[in-house]
Each structure stands twice: as C-alpha cells, then as structure tokens.
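Only one structure is covered here, and it is reproduced in the block below.
Nothing in this text is a laboratory measurement; each read-out follows from the coordinates by a stated rule. These figures come from a predicted structure and were not determined experimentally. Cβ sites come from the backbone with ideal geometry, for glycine too, and all protein chains shown count toward neighbours.
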Amino acid sequence: MKPFEHSLLDSYPEPYILVVFSKENDHLGHINYVNQAATEALQLNKNCIGKTLEDVFIYPKRMVKTCKEAILEGEPITLEHVSITQPNVVFEYVKFVPIDSTSGVQYCGMILDTPYATDKMMTDDRMVESIFMSSPNATLIQSVDGEVFKINPAFTEMFGWKDYEVIGNRISLFPSGYEKEYEEIVRQLRQQDVYLIPKTKRIHKDGTIKDVSICYMNIYNHLRERTAVARLYIDISKQILFHDKYLEQKGTFQLITENMKDLVAIAEFSGKVVYASSSHLDITGYSAESYLNRNVFRYIHPDDRRNVFQQIKQMTNTGCSAKAEIRYNHASKGYIWIELIASPLYDGKAPYEKFVIVGRDITDRKHAEEALQESEEKYRLILEKTSDFIVTFNQNGDANYVSPSLKSWLNDTTITNMNTFLTDYVAKDDFSLMYEIIRSVFKSKEAEQIAFTLEKDGKSYTFDAVLTPLISSEYNGYSEDLILLIARDITKRLEDEHVSMQLEKMSTVGQLAAGIAHELRNPLTSVKGFIRMINEEVEDPMLKNYLEIIGGELDSIERIADEFMDLAKPHVIALSECDLHDIVDGCVRLFEGTAFLKGISIDVDYINEQQVILNCQKSALKRVFINIMKNAMEAMEKGGELKIQIEARDPYVELRFIDSGKGIEKDRLKYIGEPFYSTKEKGIGLGLMMSRKIVREHGGKLSIESEYRKGTTIRIVLPLAATPDTKEPLTSLHSFS
C-alpha cells in the first residue's frame, strides 16, 4: 500500500485494520495495516503489522471466518458487541468490508466502533433495552397522560397490537364492566410506586377476553418527577383453567370415592391417613373416621410390611405407581387379602408428600387361586405320568406345554413348535389332513378326532388323537386361543386286532375248506377210478392223451383239496430239536436244478457262523421255506438272485429271503396273506396264509417287505431252542423288524 493511503487511513476517526489473504489456502490472514485510532483503541503498535490474526486477536477463528464470508459475498458483514483483543473491552460493532484488488490477493478491512468496558454495561441503556425487548412478559410503557411510548414483542404476542399501531396513541384494554378499575389504578399509583392486580381481565385486539395478572410501576426522571407508567402483564388463563378443573375434579373425586365399593385412602409417606372413603366400613370393618390420623401400616400383616415399604420407596424414587397384594387385619374376621394400587400425589406444596391408595377385597379370589393351584398340581402330576402324548399350542404352532411322554418317545426335550413336529414326524399321507383338522378346530371352536401315523427311525406308529379348542377369556387365564392335543398310540392294538381278525378268518376258512375237501374227495375218487379203467381199455393215442390231461387236472383238484384239509387241521403236532441249517440246506438242494435252468442263483449266508437249534416240526417248517422259495423263483421269470440270510440273536433267529423279482405294488402288498388273494394267475392265495399260520404256531412272526420292480424280502423270526415255550407273536423285536 502506498504511503499516501497510510496517511488517509490514519486520518480516519474510527479504528481501522486492513487484513490480507495472500493465497487461496491462507487460512490465517495477516495484518497489512492498522491506523492510529486502532493502535490507541486496541493498545497495539505498528509491530503487529505482518503478523497473523491468531497472533494478535483473542478470537481469530471467528474473525477469519467473517472476513472470508465478506470477501466471498462481496458485501460488508457486521458483528455487534464483540471483543477482539481484551475480554473486558467490547466494541459496539465491528464491520468487515471486502476490498477489490487486481493483484491476486484478497483484502478485507475491519472498521471498529468506539469500545466500552463491560463493567459499565449493567447501567447502559442498551442493556435495559435488551432486557425490555427479550422479556417473556408483555410490557407497555405510557406517559402519565396515557400516551404509549413503547411495547415489547411479548405484548404484541399477548394482545395482537403492533408497535406502529399503538405508539403515540392511547389504547384501552379494559373489557366491558372493568372500566372502574382505571380509577382505582390511578389512585393507587398516586400513593405508591407499585400496584399489583393479581387477577383481572383484559381484551385482545380480536375481541377475545384474557385472564391476566398486572403489575403497574411508576417511572421517575432524575428530578424525581413521575414521567411514565410501566404495565407488566402475565397471562394466567392456564392457571385459572387448571384451578377450575381441579375444583371440578375434586368434587367428582369425592362423589366417586364416597359411592364406590373399592377402598380409597390418602396417606402421608409416614403412613398417617388424611382421607378414607366410606367403603372401608364394608371391607375392613372399620369406619372411615376411625382411620383419620392413624397409621395405615398398623393393619398390615407383619410379614407383608417389608414388601409394602420397598414398594413405597420405589414409588418415591421413580414417581410411578406401585401394586401389592397384602393381608389386612379385619375388625372381626381376622386377616383378609386386599389388592392395593398406590400412586404418588402432588398437592402443590412439595413433590410427592402424599400418596393415594385404591384397594379391593380379593380374599375369595385368593382362596379360589389356592384351590386352583392345588387342583393344577394334581392334574400336572397326572400329565407328567400319563403315557398319552399331550401338547397345547397356538395358531402359530408355538407349543405352550409338551408332556414328558412325548419328549421321551422322541428323545427330544426341546420341542417348541408344533409345525416343525408335524413336518418332521407325521406321515406324508396324513400331513395335509392333520393341518386341515387343526385349522378347522381353530376356526369352528369345536373338538375333532383323527387317526394319524407318526414315522420314527424307519417305523410307522398309528395314533388316535382328540383336538380340543381352549378359548382365551378373562376367566380361564389363556392369553390366546390354544388347541389341546391328546394322542394315544394304538399301533399294538391295531396289530392285535389284525392278528385276531386273521385268526378268525383262518378258522372260518379252515371250516369252509374242510367241508369243500370232504365233498370233493368222494367224487374225485370215483372219477379218477373210472378214468384209470377207461385208459386201460382205450387204444386210440389221441384219447389216451386227453385222458392223461384229465388225470393231471384231477390231480390238481386233489392237491387243492389236500391244501384245504391242511388249512383246517393244526400242523404242529410234535416238536423236536432240529438244526435250522440242515432244513434250509435241504430246501436249497431241492431247487438247485430248477434254479440253474431259470438262470437264478441261490446264495445262503450264515451270518453268525454258529449252529442254530430250534424246537419245531421239521416237515412243517420245510414246507414254509419251500413255499417261500417257490414263490420267489416264480417272481424272477427272467432270472435273478435269491439271497437267504440267517442271523441268530439269543433268544431268537431271523431268516431273510431276499429276491430280485418284480416285487409287489404298494396298494396290493397289504392284502398279501389274505385268504384266496394271490398275485399269481392260477394261485388261490392259501400258500402264504398257511406259511404264516405254521410260523405263528411255532411262536414266530412272518412279515413281508416289497418294492415294486426291485424285489421282495420275507422275514421270519423264530425262537431258539433255549426258549421253547415262547408262543406269543413277536411284535416287540425291534432289533429284527
């Protein structure tokens, strides 16, 4: 800057500082020049020129920011009442003025107003003005003649009048009927400097009436002459509304408490009762008057007082209500049960000096709960010991209760969801029906019964179940609708019924077969005799051929008659110890030639490599094995493999006849073994039935497993000679099934 410019700046009466920013990334700013007025006002010297703002001023960041903003906007920016070098020296304002430059640097001039010390600010008119304008209370200043000098923003907000509407004018805020207050105000202000009207009404610009409290104050000049009057208005509409509601609620409270059946009392935190409703006489046997100024804790059972004290302490700390069930000493009945709800009460003097108590007699409910709990314990004991499966669950499938019997059966103690249980264990054929029944019970609220199958470890179990809805209500304690499922395993019962039915069928078929065989034998004997005689007399080869065919068919009829007779009579006549391997080997040798011609290999596997002795009728068992092997070979028309596996596990032995034939369809498998049902074209369905009958008479069990187009497995389980008296069907041999 040129010297003549320095002289020009030094001639300025206001303090002036020139700041320069030499480049864009200069974030500090340097002092380029200070004039004479600035050095005097800031107590600086010329040595500060060239230093950064941070080195000289106490609030450099604010000054740098304001300089940058002024340069960026190209307009001056003014800060009011700021200190820049000394905290106790405040400038009325500091103006930041950007200066155009073509040299690539940025200039900003700071013009400072006259400073003043902050300790004088309290008596400064500016401070009074600031307080007046920022006061939340509506304030109006008027001359003694009533002409308005000034109003603050709070006055405009309370009464709606703008300053330009009232300054220099006279306005009246008195509503109709309150005009006489003016004379009293004038009289009071002549006698005293301050006059307070605690409650009155004034009118808004829009005509609405406001409840206010007004303080009138005289204002004097230095000669003690009254020059003006200040009015200070406080809006008390809310307080009045609250008071009116309080009186209304107080009356309503007394009306309610005096007529309600529940106990109502107000007590201090020390326990002293200050109010008690008339219902105390009916519930506790004491009159309401007898409670006043008495300690409420004296009537509470000693064992319950500690809990009550803790609840009260918590209530005083949090301000929240407390609830308790206590035993309360009745005037004549001894201790009764009362449910209490206590809430802190604020009466306007100090927080939570008292608390209000509402209570009701729950003695009958307590006795009912105790009886119910005793009953529930008995029923729970039954539930814990029953073998039936019991589950309760909601519409989402969440299980509320699962009986130990089901957990034990599944070997799973973490059953939490019925949907998962059904998906994992219910048979596919029953899955959809089970879900439909559950939805129906939830919808219709009526019980349903269903039989379904559970599958576990490769086995199927049949259950009979009843699904009963448990409807939620305030009386039964259910928070939501539930279903109670009670299921009983009927697998053994169905097996026994099936066995009984089969025995009954066999008995009936046996009787029928004996009659048919008896009727067939007589004519067969005659016919066969005549055929033999005719055959001896006939010489024609063709006729002889026909007679041979007739004789063969008669032999088939006679064989069927023999099977009928065998079906009708018991087969296990005399038991003797036999080697099972010898019986099986004899049957295998019988079929070796036929198997070779049909391309069938027979493989016998003695798994335990030990001698297996049975108490049996050898011919009967041999007949069973022959029948099974014959059926297996007939099922392998194009050749295949027949495996015979023998596995002994004391006290039983299991034989498995496994063929690779065409197998049996699933829907036909359940009828195999029924009388007169056969998968063979000329079969009569008695062979397997006879085999099952013979195995059962030996105390064993025969079962069939088959997969269509893959083969069939027939399992026979027989008792070893060590347990010859075992005659029951082997339905519990899980290791062999």
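Amide H to amide H, with H built 1.01 Å from N, R294 comes under 5 Å of V273, counting only residues 5 or more places away or on other chains.
Among 458-464, 687-693, sorting by the average number of other beta carbon atoms lying within 10 angstrom of each residue, highest first, gives 687-693, 458-464. With N as its number of residues, the range 576-719 has a Cα radius of gyration that, divided by 2.2 N^0.38 Å, comes to 1.00.
First obtain the Kirkwood hydrodynamic radius of the range 3-121 from its Cα pairs, then insert it into the Stokes-Einstein equation at 4 °C and 1.567 mPa s, and state the resulting D in µm² per second as a whole number.
90
Packing-based ranking of 173-183, 577-587 yields 577-587, 173-183, ordered from highest to lowest mean Cβ neighbour count within 10 Å. Annotation: the range 281-347 has a Kirkwood hydrodynamic radius of 13.0 angstrom, from the mean reciprocal C-alpha pair distance.
Classified by the C-alpha gyration tensor, the range 125-235 has an oblate form. Its axis ratio a/c, with a ≥ b ≥ c, is 1.5 or above, and a/b does not exceed b/c.
Ranked for footprinting exposure by Cβ neighbours inside 10 Å, fewest first, H280, H330 give H330, H280.
Overall, the ratio between the Cα radius of gyration of the range 386-487 and 2.2 N^0.38 Å, rounded to two decimals, is 1.04.
Per-residue 3J(HN,Hα) values for the range 621-626, derived from phi via the Karplus relation 6.51 cos²θ - 1.76 cosθ + 1.60 with θ = phi - 60°, read 5, 4, 5, 5, 5, 4 Hz in sequence order (x marks Gly and Pro). Per-residue 3J(HN,Hα) values for the range 269-275, derived from phi via the Karplus relation 6.51 cos²θ - 1.76 cosθ + 1.60 with θ = phi - 60°, read 5, 6, x, 6, 7, 10, 8 Hz in sequence order (x marks Gly and Pro). Peptides 654-665, 12-23 ranked from most to least packed, by the mean per-residue count of other Cβ atoms within 10 Å: 654-665, 12-23. Farthest towards the positive end of the charge dipole of the range 576-719, among the residues C616, G639, V653, is the Cα of G639, using unit charges on the Cβ of Lys, Arg, Asp and Glu.
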